[in-house]
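Structure record follows, encoded as structure tokens.
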Amino acid sequence: MNKCVFLDRDGVLNEDRPNYSYKLDHFKILPGVPEALKQLKDAGYLLVVVTNQSGIAQGIYTEEDMRKCHHHFQEVSEMAIDHFYFSPYHPTVTASLGRKPGSLLFEKAIAKFNIDTVQSWMVGDRGRDLIPAKQLGIRTIQIGDEVEEENRGDFEVGDLASAAQVILSNS
């Protein structure tokens, strides 16, 4: 079985913008992210992004716009991400079990990559990122300063570089 670090996208890997990050000139990778991902890859972790991309359902941007950002991210991070799973749905437009806090995106990755949830981690910046991971027995790290008391991470840190150190120290 494989160990994995699941990653939210906006606010963890790239700057979280109020009006979505879907144009390349607005898609800003956060400092230290490529280096942190390399450390995790070197330690034998699969890296899987699980992200809600509700701007697609709302007609703000297209799936192709999102894929261009993911392609750019892969170029900058030297192809660090093993797979991107996304939910294009928005609760006011289309209901979906695939949208976090649902666990379907995680379950797809677990099945496809034979992931051992006990050895795996989820890094997110919001409680809804952590809920499905906790339900599946995956340890959680919340980054940033918007901690929700009812959905706290097992660890809380400032950024992905710090999260990588927690993971590597607790593996």
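For residues that are assigned to a loop (DSSP other than H, G, I, E, B), among the hydroxyl-bearing types (Ser, Thr, Tyr) and modelled with pLDDT under 90, tally how many sit in the range 63-93.
2
Candidates are the residues of the range 153-171 that are surrounded by 14 or more Cβ atoms within 10 Å (Cβ to Cβ) and assigned to a loop (DSSP other than H, G, I, E, B); the one that is farthest from the chain's Cα centre (by Cα) is ASP154.
Rundown of residues vs (1) aliphatic (A, V, I, L, M); (2) touching a Phe, Trp or Tyr at 6+ places or on another chain (Cβ under 9 Å); (3) in contact (Cβ under 8 Å) with a residue 12 or more places away in the chain, yes/no style:
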site: GLY44; (1), (2), (3): no, no, yes
site: SER54; (1), (2), (3): no, yes, yes
site: HIS72; (1), (2), (3): no, yes, yes
site: ILE81; (1), (2), (3): yes, yes, yes
site: HIS90; (1), (2), (3): no, no, yes
site: SER96; (1), (2), (3): no, yes, no
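The set of residues in the range 54-88 being in contact with a His (Cβ under 9 Å, 6 or more places away or on another chain) and of a type in the set (S, T, N, Q) consists of SER54, GLN58. Checked against the criterion of being surrounded by fewer than 20 Cβ atoms within 10 Å (Cβ to Cβ), assigned to a loop (DSSP other than H, G, I, E, B) and touching an Asp or Glu at 6+ places or on another chain (Cβ under 7 Å), the range 30-49 contains one or more residues that satisfy it.
Just a yes or no: is a residue in the range 128-140 out of contact with any Phe, Trp or Tyr (no Cβ under 7 Å at 6 or more places or on another chain), of a type in the set (A, V, I, L, M, F, W, C), buried (at least 22 other Cβ atoms within 10 Å of the Cβ) and under 16 Å from PHE106 (Cα atoms)? Taking every residue of the range 128-140 in turn, at least one turns out to be out of contact with any Phe, Trp or Tyr (no Cβ under 7 Å at 6 or more places or on another chain), of a type in the set (A, V, I, L, M, F, W, C), buried (at least 22 other Cβ atoms within 10 Å of the Cβ) and under 16 Å from PHE106 (Cα atoms).
Screening ASP16 against (1) loosely packed, with under 15 Cβ neighbours inside 10 Å; (2) touching a residue at least 24 places away in the same chain (Cβ under 8 Å); (3) among the acidic types (Asp, Glu) leaves a single unmet condition, (1). The listed residues are SER54, SER96, and the only one of them that is part of a loop (DSSP other than H, G, I, E, B) and over 16 Å from the mean Cα position of the chain (by Cα) turns out to be SER96. Screening SER87, SER103 for residues that are touching a strand residue (DSSP E or B) at 6+ places or on another chain (Cβ under 6 Å) and polar (S, T, N, Q) leaves exactly one candidate, SER87.
The values are calculated or read from the model by the stated rules, or taken from the named source; none is laboratory data. Keep in mind that this is a model prediction, so the values were computed, not measured. Don't worry about glycine lacking a Cβ; one is built from the backbone with ideal geometry, like all the others, and counts go over all protein chains shown.
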